[in-house]
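Taking it in order: structure first as structure tokens, then the write-up.
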Amino acid sequence: VVAFAGGFDTAASAALPVTALETAAVPKPVSTVTTVSTELEGDAASSGADFMRPGDKFGTYAKNAAPEPGFTDVSIHGNTRTFSVTATSPALSHRTVARLLEASPDYSGGPIRLLSCRTGAAGASAAQNLSNTMGVEILAPSDTLWAFPSGRFVIGPDEFTNTGVWRLFTPGVKP
């Protein structure tokens, strides 16, 4: 089994986070409104904005996922509070990500499926803040998001344990 998530690569061994950015968790209240599903899989290439460095395996695998109807996929590394282009690059705020999206030819507006680890976790503020800034719904994973070459996603502590969910964040809610 080969899966890739948030800056760490696994091939039949336990994955370790690359930086504290990927594992940082700051408790803050979050208002998630809907749990959508635990696993999505597909064959069709997904359209959307990819803010990962070229060759990033997660971004490559995520492009193989079936699109979620009504949502644009956005691939970027993240944690409960912030985002980054690589697991070791400086943190980007939700405001910076919003500006990147608004300037991207790959995003034409509307709801976003945020392919970014733990941005929808309990106590997280990243997805809600991005939703508020962009004025759109954000679908985000509650735990580490693992992408497989087939485009299958698993949300959980490792690529074998699908215990997480997709959470829907709506604009206008205080994180």
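The values are calculated or read from the model by the stated rules, or taken from the named source; none is laboratory data. Quick caveat, the model's predicted, so the values are computed rather than measured. Ideal geometry is used to build each Cβ from the backbone, glycine not excepted, and the neighbour counts take in all protein chains shown. For accessibility, only protein heavy atoms count, side chains too; no ligands or nucleic acids. Shrake-Rupley method; radii C 1.70, N 1.55, O 1.52, S 1.80 Å.
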(message) Students often check this: by mean Cβ neighbours within 10 Å, which of 72-81, 93-102 ranks highest, and how do the rest follow?
(response) 72-81, 93-102
(message) Leaving ligands and nucleic acids out of the surface, order 63, 174 by accessible area at 1.4 Å, largest first.
(response) 174, 63
(message) Quick check: pseudo-label points 7 Å beyond the Cα along Cα→Cβ at residue 88 and residue 160, how many nm apart are they?
(response) 2.9 nm
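Roughly speaking, what is the stretch gain from residue 60 to residue 102, that is 0.36 nm per residue apart minus the C-alpha to C-alpha distance, in nm to one decimal?
12.9 nm
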(message) Assuming 0.36 nm per residue, please report the length gained on full extension of the stretch residue 95 to residue 122 beyond their Cα-Cα distance.
(response) 7.6 nm
(request) Arrange the residues 143, 56 by how much accessible surface each exposes, largest first, with a 1.4 angstrom probe. (result) 143, 56
